[in-house]
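Read-outs: derived from the displayed coordinates by stated rules, not from any lab. Note that the coordinates shown come from a computational prediction; the quantities given were computed from them, not determined experimentally. Please note: Cβ atoms are built from the backbone with ideal geometry, for glycine as well, and neighbour counts cover all protein chains shown.
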Amino acid sequence: MKKSTMTVRPAEPVQDLPGAAAYRPTPPPAWKPRTGPAPLLPDSEPHRVLGTDAADRLDAGLMRRLYAELVRGRRYNAQATALTKQGRLAVYPSSTGQEACQVAAALVLEERDWLFPSYRDTLAAVVRGLDPVQALTLLRGDWHTGYDPREHRIAPLCTPLATQLPHAVGLAHAARLKGDDVVALAMVGDGGTSEGDFHEALNFAAVWRAPVVFLVQNNGFAISVPLAKQTAAPSLAHKAVGYGMPGRLVDGNDAAAVHEVLAEAVERARRGGGPTLVEAVTYRIEAHTNADDATRYRGDAEVEAWRAHDPVQLLERELTERGMLDQDAVREAREAAETMAAELRERMNADAVLDPMDLFAHVYAEKTAQLREQEALLRAELDGEDER
C-alpha cells in the first residue's frame, strides 16, 4: 500500500476577533484546601454515651422510658416471630438487636412530626403509639396499610427499598413552604443506600434544605450481601458530604447515644438547618425474615459477638450501676411487655373478617370505568356462589 505523502502542519494561532475578550470567562479563583476541621464529616468512631463520661449527663426519666420501650420491643419482636411460625403472619422482618434505633427514632419526634418507616420498622411505629395489631396488618396480608397515616403521622410501611425517602423529603419541603413546624424522620437499611431513591432524596433534601433526618440502620447485611460488597466508602455517614449535609456516625446499640444524635439532628432540622444523615451501626440478630436462612452467609461466632453488645443489656447495666434503675423497675418493664405480648397474641389469633369488595374501595377517589367493570364482575361471581 502506498504511503501518504500529506504533510501535517502545526495549527496556526487563532487571532482574537474584535471584542472577543469581553466573552472570555473569568478564570476561577485558586482552590484552597480546608485547613480547619471539616464540619460535614462524621466522627472517626461511632458516637457512644453508655460506658463513657458522657453518661454523667443522662436524664434518669428519659433513660427509664427508653429502657421500658426496649424491653417491650424485644418481647414484641419475639411474639411477632412466633406468630409467623403459627401461620398468623405471612412474614416478619425482625428488628431484634436493632431496638435502640427503633425506640430512639420514635421518641425524638414531636406529635406534629412524621415518621417514614421501612418494612422492618414496625416497632418504631408501635413505640410512636400505633396499635401493634395495626402495625402487623400489612405483614399479615390483610391490607396494604392497616392504619390511617394522617391520624398517626406515620407513613405506610414501605416494602420497596428506599422509596419512602423521597416521600419524606416532599412532605417536609411542603411543610416548610407552608410554614409548618414539622420534621420528617425517614428510616432505611444499609441495603437501601444502594438504591437510586436514596441519592435522589438526599440530593433534593440538601438543595431545598428540607427538615428531614435520614436514619440508616446499618445492620451489616442487605439480606445476604455484606456491606463491603455495597460500598467502598469509609462509612455510610461519609456519603452525606457529597450532598452538602452533615453525616453522623453512632453506635446503634447505645440507646442513649442514638437518642442524643437523633435529637440534635431533629432540632437542627426544625430550626432551619437542613437535613442530616445519621448512620447507626447495629446488627440484625435474627434472620432477614422468617423465610431466610442466615446461617448460609454468616457464622455463629459473629452473631454471638453482637449478642454481647445487646442494646437492652447495655442500657440496663448502665442504669443499674448509676442507681437509675432498680429491680422493681426491671420487673415492672418485663411484666408490661408480657401483658402486651399476651394481648397481641390473643388478638392476632382471631381470624380477620375480610370483604373482597374492599379491593375496589381504596384505589381511586373516583372509580374508573374499568375498575367499575371489574367490581361488577366480582360481585356477580360472589353472588352466584352465595346462591349455590
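Taking 7 Å steps out from each Cα toward its Cβ at residue 338 and residue 373 produces label points 6.0 nm apart. Backbone phi angles across the stretch 254-269, fed through the Karplus curve with coefficients 6.51, -1.76 and 1.60 (θ = phi - 60°), yield HN-Hα couplings of 9, 4, 5, 5, 4, 4, 5, 5, 5, 4, 5, 5, 5, 5, 4, 5 Hz in residue order; Gly and Pro are listed as x.
Charge tally for residue 231 (other residues, Cβ to Cβ under 10 Å; Lys, Arg +1; Asp, Glu -1): +1. Can you tally the net charge around residue 371? Count Lys and Arg as +1, Asp and Glu as -1, for every other residue whose Cβ sits under 14 Å from the Cβ of residue 371. Result for the local shell: -1. Full extension of the chain segment joining residue 53 with residue 349 gains 101.8 nm, where the gain is 0.36 nm per residue of separation less the Cα-Cα distance. Rg and Dmax of the chain, based on Cα coordinates, read 26.7, 100 Å. In order along the stretch 295-302, the Karplus-derived 3J(HN,Hα) couplings, from 6.51 cos²θ - 1.76 cosθ + 1.60 at θ = phi - 60°, round to 5, 6, 10, 8, x, 5, 4, 5 Hz, and Gly and Pro are given as x.
For the stretch 112-201, the extents of the C-alpha atoms along the principal axes are 36, 30, 19 Å, listed from largest to smallest. In the chain, the longest principal axis of the Cα atoms and the axis of helix 311-321 are about 80 degrees apart. Longest span of the chain, sites excluded, free of chymotrypsin sites (Phe, Trp or Tyr not before Pro) in DSSP loop with at most 10 other C-beta atoms within 10 Å? In the chain, the maximal stretch lacking such sites is 32-363. Full extension of the chain between residue 150 and residue 295 yields a length gain of 48.2 nm, computed as 0.36 nm times the residue separation minus the alpha carbon distance. Between 356, 132, 211, the residue with the greatest mean-square fluctuation in the GNM of the chain (Cα pairs under 10 Å linked by springs) is 356.
Set the Förster radius R0 to 51 Å, insert the Cβ-Cβ distance between residue 382 and residue 65 as r into 1/(1 + (r/R0)^6), and round the FRET efficiency to 0.05. Once the sixth-power term is evaluated, E becomes 0.55.
Positive contributions from Lys and Arg (+1) and negative ones from Asp and Glu (-1), summed over other residues with Cβ under 15 Å from the Cβ of residue 125, come out at -2. For residue 114, the residues whose amide H sits under 5 Å from its own are 183, 184, 185, ignoring neighbours fewer than 5 places away on the same chain, with H placed 1.01 Å from N. Rounded to whole Å, give me the distance from the Cα center of the stretch 262-341 to that of the stretch 79-122. Answer, in whole Å: 12. For a quick check, take a GNM of the chain with Cα springs below 10 Å and name the residue from 342, 90, 305 with the largest mean-square fluctuation. With Cα springs under 10 Å in the chain, the top fluctuation among 342, 90, 305 is at 305. Note on the chain: helix-only mean residue ellipticity at 222 nm, from DSSP H runs of 4+ residues weighted -39500 (n - 2.57) and normalised by residue number, equals -13000 deg cm²/dmol.
Which whole-number percent gives the relative contact order of the chain, counting Cα pairs below 8 Å spaced six or more residues apart?
Numbers: 580 pairs, mean separation 83.3, N = 388.
Answer for the chain is 21 percent.
Computed from phi, the 3J(HN,Hα) profile of the stretch 343-352 under the Karplus parametrisation 6.51, -1.76, 1.60 (θ = phi - 60°) reads 5, 4, 4, 5, 6, 6, 7, 7, 5, 6 Hz, with x in place of Gly and Pro.
Which shape class applies to the stretch 95-250: rounded if a/c is under 1.5, otherwise prolate when a/b exceeds b/c and oblate if not, where a ≥ b ≥ c are the square roots of the Cα gyration tensor eigenvalues?
Details: a/c = 1.76, a/b = 1.13, b/c = 1.55.
Oblate shape, in that a/c is at least 1.5 and b/c is the bigger or equal ratio.
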